[in-house]
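Undergrad: Here you go, one structure.
The values are calculated or read from the model by the stated rules, or taken from the named source; none is laboratory data. As the structure is a computational prediction, the values presented were derived from the model and not from experiment. When we count neighbours, we look across all protein chains shown, and the Cβ atoms used for this are built from the backbone with ideal geometry, even at glycine. Side chains are part of the model used for accessible areas, which takes the heavy atoms of the whole protein and leaves out ligands, DNA and RNA. Shrake-Rupley method; radii C 1.70, N 1.55, O 1.52, S 1.80 Å.
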Amino acid sequence: MATTRNLKIKTSTCKRIVKELHSYEKEVEREAAKTADMKEKGADPYDLKQQENVLAESRMMIPDCRKRLEAALADLKATLAELEEVNQEGGEIDDAQSTIADVEQLFVTTDA
């Protein structure tokens, strides 16, 4: 049985993962710029290789984060549907619907 408390937790989880995703995307941009700068300046090959490894690790986190977000979104939708079946109302439901719309919009813009 889904409760509004569960809904609140799942909504917060989705919001947190969206923040993580944005953070990783910014980190990739930052590390890519740093790597390009090191290449331009002719940095030591070892340091450059280490920086490229950091960049690769950052890039690997984005698909993982997206996968976790998709799972959290599905979980949130299921909980919301369960609560809507019993005609539950409240601010938590509105917040969950808003979060679902935001996350789906994020997937549409990144897939396009």
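Undergrad: Under 18 Å from the Cα of Lys34, which aspartates and glutamates turn up, not counting those fewer than eight places away in the same chain?
TA: Glu25, Asp44, Asp47, Glu52, Glu57
Undergrad: Given a Förster radius of 35 Å and the C-beta distance between Asp37 and Ser12 as r, what FRET efficiency does 1/(1 + (r/R0)^6) yield to the nearest 0.05?
TA: 0.40
Undergrad: Could you check how much of the accessible area of the chain is carbon and sulfur, as a whole percent, using a 1.4 Å probe?
TA: Solvent-exposed carbon and sulfur of the chain make up 51 percent of the total.
Undergrad: Suppose every Lys and Arg Cβ carries +1 and every Asp and Glu Cβ carries -1, with no other charges. What dipole size does the chain come out with about its Cα centre, to the nearest 20 debye?
TA: Charge dipole of the chain: 320 debye, to the nearest 20.
Undergrad: Per residue, how many Å² of accessible area does the chain show with a 1.4 Å probe?
TA: 65
Undergrad: Once you've got the Cα coordinates, tell me which of Lys49/Lys77; Lys26/Lys77; Lys8/Lys67; Lys19/Lys49; Lys26/Lys49; Lys15/Lys49 are over 31 Å apart.
TA: From Lys49/Lys77; Lys26/Lys77; Lys8/Lys67; Lys19/Lys49; Lys26/Lys49; Lys15/Lys49, over 31 Å: Lys49/Lys77; Lys15/Lys49.
Undergrad: Charges on Cβ only, +1 for Lys and Arg, -1 for Asp and Glu, centred on the Cα centroid of the chain; of Ile9, Leu80, Ile100, which one is farthest towards the dipole's positive end?
TA: After comparing all options, I get Ile9.
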